[in-house]
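Contents: one structure, followed by commentary.
Read the figures in this text as sums done on the coordinates, not as results from a lab. As the structure is a computational prediction, the values presented were derived from the model and not from experiment. Neighbour counts are summed over all protein chains in view; Cβ atoms, including those assigned to glycine, are modelled from backbone coordinates with ideal geometry.
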Amino acid sequence: MALLTDARKALRFLRRTLASRSASRDLSKTLASRPTLEPGRFRIAVYFADSSVNMYQVRQWYKPLAVLAKRWPVVILSRGATAAAALLEESPVPVAYVRTVVALEQTLAEQDIRIVLYVNQNAKNFQMFRYGRMWHVFINHGESDKMYMMTNQFKAYDYSLVAGDAALGRLRRALWDYDLEKRAIPIGRPQADHFSGALPYTPDDRTVVLYAPTWEGDRASAAYGSIVSHGVTLVRELLATGQHRVVFRPHPRSGVVDPAYGAAKRSIVAMLEEANREDPSAHHVYDDGPDIGWQISAADVAVVDISAMVYDRLATGKPLLITCPADPAAVVDSEGYLTACEWLTAEAAPTIVAETERLLHDDETLTRIDYWSRHYFGDPTPGEATRKFHAAIDHLMTEWDRFAALHAGDGETELTASRSFDPSESDDLDGETD
């Protein structure tokens, strides 16, 4: 078993190596054909040190960042070749490829970056923290009650932009000696102001069920994925009715750690394809696209794992079921929405049709969801989260000006990259993160 595990790791490493080097070659050609960034233009940077496998973490910020850029110019600093290639292709704001610390420093020297936003906890974030005359702000890539949302790593940032009262309570319980009132700023869920998009089907009288499972996780305490334990069964049951339309949107990392998850995902995709062949009017959807929005708002019922998808769906005020982790070691929040949600156990997966009908006609569900929606995100009025997001950035810009004036007489301390060997810069390999 150990040899098999090592072989799989070696194969993944080889694939990443080849993909990264191929991306680097293509990226060089792309960059050569593009104009350089205008010096002194940007005040805000989004730091993304991951590979393309974790692009979902930055993609969900595209639309809020595009709107913010009309007010404050924004640039994405990409450290990985595969991610940079994708970002240059699809990002609505400019992108700088800064693989090495030297390249990062050169870009920072040419710009007037005052706020750096982080969407994840990549280890390379630490390389950016060395720059002290800017605010380092954690904005995360979703709201949830996972362990990830209460890690002591929050203390590494000057500020964190969080969703609402639930996030504040979570951090208050988990972190010692953390100035919550100053460093954690509630902004709601700006992405919810952009939950839209063209439907890949024509609405009819079918009940639309979104099944959006997370990945298997890399440790037992974070084993929230349900594709193996619930997914195949519940999709099979929904397809059998002829009265449901399934929208299947698995986490992009599904199967990265456990091949069984990849196999189960492929099995579900095959079932959807077969059902569409038998009944072309069904229009079941396997959704692996970069955009998230219509999937959350269009579904009549959503079935999701413990992940940010719970809270994106919660913001819509529509019914949802949450899969109960099959692994008893998975850590489940004991104080938030998960204490009042509708659970679907693996044993109950065969009853998904009845559960769906029950939720659609349960008057108490909407009342409960409205309460928890406000607890997590505050005022659900369209546009309010965007207003709070911009207000938070304006506040940090004002604070930057205040501290810049206080330290105007200080001597400049220039940080330059070490010319000694840095293992993180020895090749073009992209890193991974949770």
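Key figures
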| quantity | calculated |
| --- | --- |
| Longest site-free stretch - the chain; sites: GluC sites (Glu not before Pro), DSSP loop, at most 13 other Cβ within 10 Å | 1-334 |
| Long-range HN-HN contacts of residue 247 with modeled amide H, under 5 Å | 209, 210, 211, 285 |
| Per-residue HN-Hα couplings for region 39-50 [Karplus 6.51, -1.76, 1.60; θ = phi - 60°; Hz; x = Gly/Pro] | x, x, 7, 9, 10, 10, 10, 9, 9, 10, 9, 8 |
| Lysines whose Cα lies under 20 Å from that of residue 63, excluding same-chain neighbours fewer than 8 positions away | 388 |
| Convex hull (Cα only) mean projected area of region 129-183, reported in nm² to one decimal | 3.9 |
| Equivalent ellipsoid dimensions for region 133-220 as semi-axes, Å, which come from the Cα gyration tensor, largest first | 33, 17, 12 |
| Using alpha-carbon coordinates, inclination of helix 259-278 to the longest axis of the chain, degrees | 60 |
| 222 nm mean residue ellipticity, helices alone, for the chain (DSSP H n ≥ 4; -39,500 (n - 2.57); rounded to 500) | -12000 deg cm²/dmol |
| 5 angstrom amide H check on residue 321, placed H, neighbours 5+ away | 302, 303, 304 |
| Environment charge at residue 366 (Cβ cut-off 15 Å; Lys +1, Arg +1, Asp -1, Glu -1) | -1 |
| Amide H partners (placed H, <5 Å) of residue 75, local residues excluded | 44, 45, 46 |
| Within the chain, longest stretch free of exposed chymotrypsin sites (Phe, Trp or Tyr not before Pro) [DSSP loop, at most 12 other beta carbons within 10 Å] | 177-420 |
| For the chain: relative contact order, % (alpha-carbon pairs under 8 angstrom, 6 or more apart) | 19 |
| In order through region 337-353: 3J(HN,Hα) via Karplus (6.51 cos²θ - 1.76 cosθ + 1.60), integer Hz, x for Gly, Pro | 4, 5, 7, 10, 7, 9, 8, 10, 7, 4, 5, 8, 3, x, 9, 4, 5 |
| Using θ = phi - 60° and Karplus 6.51 cos²θ - 1.76 cosθ + 1.60, couplings along region 208-217 (whole Hz; Gly, Pro as x) | 8, 10, 8, 10, 10, x, 8, 7, 6, x |
| Computed Rg/Rh of the chain, alpha carbon atoms with Kirkwood Rh | 0.97 |
| Prolate/oblate/rounded label for region 207-377 (Cα gyration tensor, a/c 1.5) | oblate |
